[in-house]
Amino acid sequence: MEKYLCCGNIMSDSVIKNNIASPLSMGGPGFFALTGVRIFEKSCTLVTRTGANYVDDYGKWLDRHSISHRGVDVNSEKVTYGHIVFRDKNNYTADYPMGVELVGYQMTHPEDIEKHADENTKGIYLFHYPDITVWKLMGAAARKKRFKIMWEIMPFLSADDLPKVQICCKNVDMFSINSKEASILYSISEEREEQIINELMKLPVEMTLYRVGNRGAYVITKDEVVYCKKINPKRAVDPTGCGNTSTGAAMWAHTEGYESAMVLAMANVAAGYNAAQYGAIPEITDDLMKKAYALAEKHCRRIKRRGRYTFK
Amino acid sequence: MDYLVAGNVMVDIVRFADGSGSDRKNMGGPSVFAYSGVKLWTDSSMLVCKVGEDFYEYFDEWLEKNNVVREGIKVVCDYCNHSFLVYKEDGTYMGDPERFTKERHRSDWIQDFGYMKTTPEDIGEFSSKYNIKGVYLAQNNDYVWWRKFSEIKKRDGFKFMWEIEAPCCEPNQMEANLNALKSTDIFSINVQEACSLFEVDTEEECIEKLKQLPVDVTIFRVGKKGLYSIAGNEVFFLPSAPADRVVDPTGCGNTSTGSAMYAYSEGHDPLMIGIMANVASAQNIRQFGVIPDFDAVREFAYKQAKELYDNYKK
C-alpha cells in the first residue's frame, strides 16, 4: 500500500454565491486532503466509502494521477453532493439534497483504515467528530500498524466538546482546526488569537495546524508557533476545501520530518492551489509538484526570516 | 443460531398527544423491536447492529436477563441515537424539535443513523458463520446495497424480511423497490407508506397493489386496527390481538414484522404469520420500550397464537 492514506468522505460541491450556483465539482474532506498530499508526494491514496458513480470523475482523477482504487469501497449508488452557501468569506452553510444519512453511511470507519494500512503506511488523514470511541479505535490501529494520524476536527462543535477533544487528541499525532471552531471550543473570541493559540499549545499532540481563513494559518507545537499569510500562486476563485487540502499537506510534511516553517508553507501553498478553481486541483503534473515545492521553500525562508513566536 | 435481526438501535423518550409519556429513556430502534418479535418465540436469534458506547447503560440489564447473544453487537461510536418522539392525535409521530436541539447527543444527527447503518457485509459475516434460516432488516432501496446483499443471500440461502423505510415510499421509488423485492421473501409496509407509494387513498386499493408484488407474503400494517397478511390472492384481515394493558405503541410495527419473519421462516401459513405478528405486537404495547422478560410471556404468546388460529380457522 502507499505511504499516505487520505481517509473520509468524497462529496461533490456546488458553491452558491450571490444566488448563482457553480457546477458540481469534486470535493469532500478525504479527496481535498488527497490533493494536498499528492501535490508533494506520489505515494498516496484514498480510503473512502462512496457511490458507484465515483468512477465518472473521481475515478478518472485517480487514474490520471496513477492512484490505485483499492481503498475505495462502493457501498451505495451515488456520491453525495452538497450546496455550499457562503455568507461571507469565512462563513458558510451546507445542505445535502441526498440526505445526511447517506453522508453518514459513506463515512470512513477505523476498520477501513486498519484494513488498508500496512508496513509501508507512514501517515493518515481523517476528518471526524470528537468521538472518544472512534479515536480509541484509531489510536489502537495506529499503534498496531505504526502510522501517524492527522485529525481534522469536524465543524458544529460546542464548548462541551472540549474535554472530549482533549481525550481524543491522546490518540493522534497531529490536529487541525479553524479559528471559528477553536473560538467555539474554547469559548474565546476569534480576535483573541494569542489566547486561543496558548490553549492549542496545551493539546497532547506533536503539531496543530490552526487555520485562520483568509489570513493564512499557524503551525503550533509545544514550544513554538509559526505563522504564514495565505499564499496564492494563482488568482483565488473558491476557498471550499482549502482547510482539508492544507491539512493533508501538513500531515505529509510533518510526518516526513519537515520543520514547522516548511510544514506551514507547504500547507498554505497547497491551499493556494486549491483556491485557484472551483473544486479540487484538477491536474497535478510533475511540473506543478516542482513549482509547489519551490514556492513552499521560498515561503519557508520568509517565515524563518520573520522569526517565530515563542509562547512559554 | 437460526435468526439474524439487523439494523439500527435507538434510545427513545415518548410523549403522547395528551401530554403523558415515558419518564425515562427506553430501549428501541427497528432492530431491537424486531428482535423482540423473534425472541418472543425462540432464543436462537441474534441482534446484528452497530451501537454507541452508551448502549450497555440502557440495555445491559435486559441483555443479561434475557441471555441475549452479544456477538453481533459492535460499538462504533460514543452514543446510540437518542430520539424524542411526539405522537399526534392520529397516532403518527415525529421528533420533538425542541428536545432534539437542546438534548441531543452528537450521534442524534441523522448522519449517525448512516454511520451505524447495517451493511450487507455485516449480515454476511454471521450468515456465513451460522446456518441462518431468516433475516430481518428495515432498509432503503439503494441498488448497490441490494446487489451486494443478493449475492450474500444467494450464497447463504436464508429467507429475508424487508421492512421498507419511509423515504422509499414515494411513487417514483417503485422501480428501485421492485429491484429490492427480487431479494425479498416477505415484505412489511404500513398504511401511510402504502398509500403514498401507490398514490391511493384506501386500504382496499393498497391491498390490490400489494397482491401484485413478487413476494410470498406481505404484512400490511394498519395501525391499532391490526394487519393484513397477504399471500397472492389470499388476504387475511387480522384485528390486533388483545392485550391486558395498552401503554405505548412505539415499535409495534417493527415487533410484528420481526415476528412475521420468524413465523414465515418456520413454515407457518399466511394466517398464522399474521396472528403471530399481532401477538408479538400485543406484547410490545404493554410497556414503554421492548418486551422486558421473554421467558415470562413466551408460553402465553404461544397459547394466544394457537387460540386465535383455531378461532380463525373455524
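How shielded is A:96-103 by partner chains, expressed as the average number of their Cβ atoms within 10 Å of its Cβ atoms?
Partner Cβ neighbours, averaged per residue: 5.
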Report the full-extension gain for the segment residue A:86 to residue A:70: residue separation times 0.36 nm, less the Cα-Cα distance, to one decimal in nm. 2.3 nm
Given B:182/B:303; B:133/B:182; B:159/B:211, the pairs whose alpha carbons are separated by over 23 Å: B:182/B:303
Restricting to DSSP loop positions (anything but H, G, I, E, B) with no more than 11 other Cβ atoms inside 10 Å of their own Cβ, which trypsin sites (Lys or Arg not before Pro) remain in the stretch B:9-103? B:24, B:88
Calculate the spin-label point distance for residue B:174 paired with residue B:314, positioning each point 7 Å from the Cα along the beta-carbon direction, and give it in nanometres. 4.3 nm
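Nothing charged except the Cβ atoms of Lys and Arg (+1) and of Asp and Glu (-1): what's the magnitude of the dipole of the stretch B:214-254 about its Cα centre? Round to the nearest 20 debye.
180 debye
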Distance in nm between residue B:128 and residue A:301 label points, each 7 Å along Cα→Cβ, equals 5.7 nm
Shielding by other protein chains, A:106-113, mean Cβ within 10 Å: 2
Determine the total buried accessible area between chain A and chain B, counting protein heavy atoms only with a 1.4 Å probe; round to the nearest 100 Å². 2200 Å²
Quick one: plug the Kirkwood hydrodynamic radius of the stretch B:3-313 (C-alpha pairs) into Stokes-Einstein at 25 °C, 0.890 mPa s, and report D in µm²/s. 127 µm²/s
Rounded to whole Å and sorted largest first, what semi-axes of the equivalent ellipsoid does the C-alpha gyration tensor of the stretch B:138-274 yield via the square root of 5 times each eigenvalue? 23, 18, 14
Inter-chain shielding of B:113-121 (mean C-beta neighbours from other protein chains, 10 Å cut-off): 5
Could you check the simple spin-label distance between residue A:140 and residue B:199, using points 7 Å along Cα→Cβ, in nm with one decimal? 5.2 nm
For the stretch B:247-314: Kirkwood Rh in Å [reciprocal of mean 1/r, alpha carbons]: 12.1 Å
Provide the convex hull volume over Cα atoms per residue for the protein assembly as shown, in Å³. 157 Å³
Can you spot the aspartates and glutamates whose alpha carbon is less than 16 Å from residue A:230's alpha carbon? Ignore those fewer than 8 places along the same chain. A:238, A:297
Surface share of carbon and sulfur [accessible, 1.4 angstrom probe, percent] for the stretch B:3-313: 50 percent
Under a cut-off of 24 Å between alpha-carbon atoms, report the lysines in cross-link reach of residue A:202, not counting same-chain residues fewer than 8 places apart. A:136, A:148, A:164, A:170, A:180, A:222, A:229, A:304, A:312
As an exercise, use a Förster radius of 22 Å and the Cβ-Cβ distance of residue B:71 and residue B:154 to find the FRET efficiency, rounded to the nearest 0.05. 0.40
Which Rg and Dmax, in Å, describe the Cα atoms of the stretch A:158-312? 15.2, 46
Tell me the per residue accessible area of the protein assembly as shown using a 1.4 Å probe; a whole number in Å² is fine. 41 Å²
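What part of the accessible area of the stretch A:6-81, given as a whole %, is carbon or sulfur when the probe is 1.4 angstrom?
About 51 percent, which is the carbon plus sulfur part of the accessible surface.
With +1 on the Cβ of every Lys and Arg and -1 on the Cβ of every Asp and Glu, and nothing else charged, how large is the dipole of the stretch A:182-312 about its Cα centre, in debye rounded to the nearest 20?
Once rounded to the nearest 20, the dipole reads 560 debye.
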So how do A:286, B:18, A:173 rank on accessible area, 1.4 Å probe, biggest first, that is with the largest at the start? B:18, A:286, A:173
Need the list of aspartates and glutamates near residue B:148 for cross-linking: C-alpha distance under 14 angstrom, and skip anything on the same chain fewer than eight residues off. A:73, A:77, B:121, B:122, B:125, B:156
Listed by chain and number, the residues whose amide H is under 5 Å from that of residue B:46, excluding neighbours fewer than 5 places away on the same chain and using placed H, are B:3, B:4, B:5
Throw me the Rg/Rh for the stretch A:4-306, computed over C-alpha atoms with Kirkwood Rh, two decimals. 0.93
Dipole magnitude (debye, nearest 20) for the stretch A:4-306, charges at Cβ of Lys, Arg, Asp, Glu: 960 debye
Volume per residue of the C-alpha convex hull in the stretch A:95-149, rounded to whole Å³: 89 Å³
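The values are calculated or read from the model by the stated rules, or taken from the named source; none is laboratory data. This is a predicted model, so every value here is computed, not measured. Please note: Cβ atoms are built from the backbone with ideal geometry, for glycine as well, and neighbour counts cover all protein chains shown. Protein only, heavy atoms only, side chains kept; ligands, DNA and RNA dropped before computing areas. Shrake-Rupley method; radii C 1.70, N 1.55, O 1.52, S 1.80 Å.
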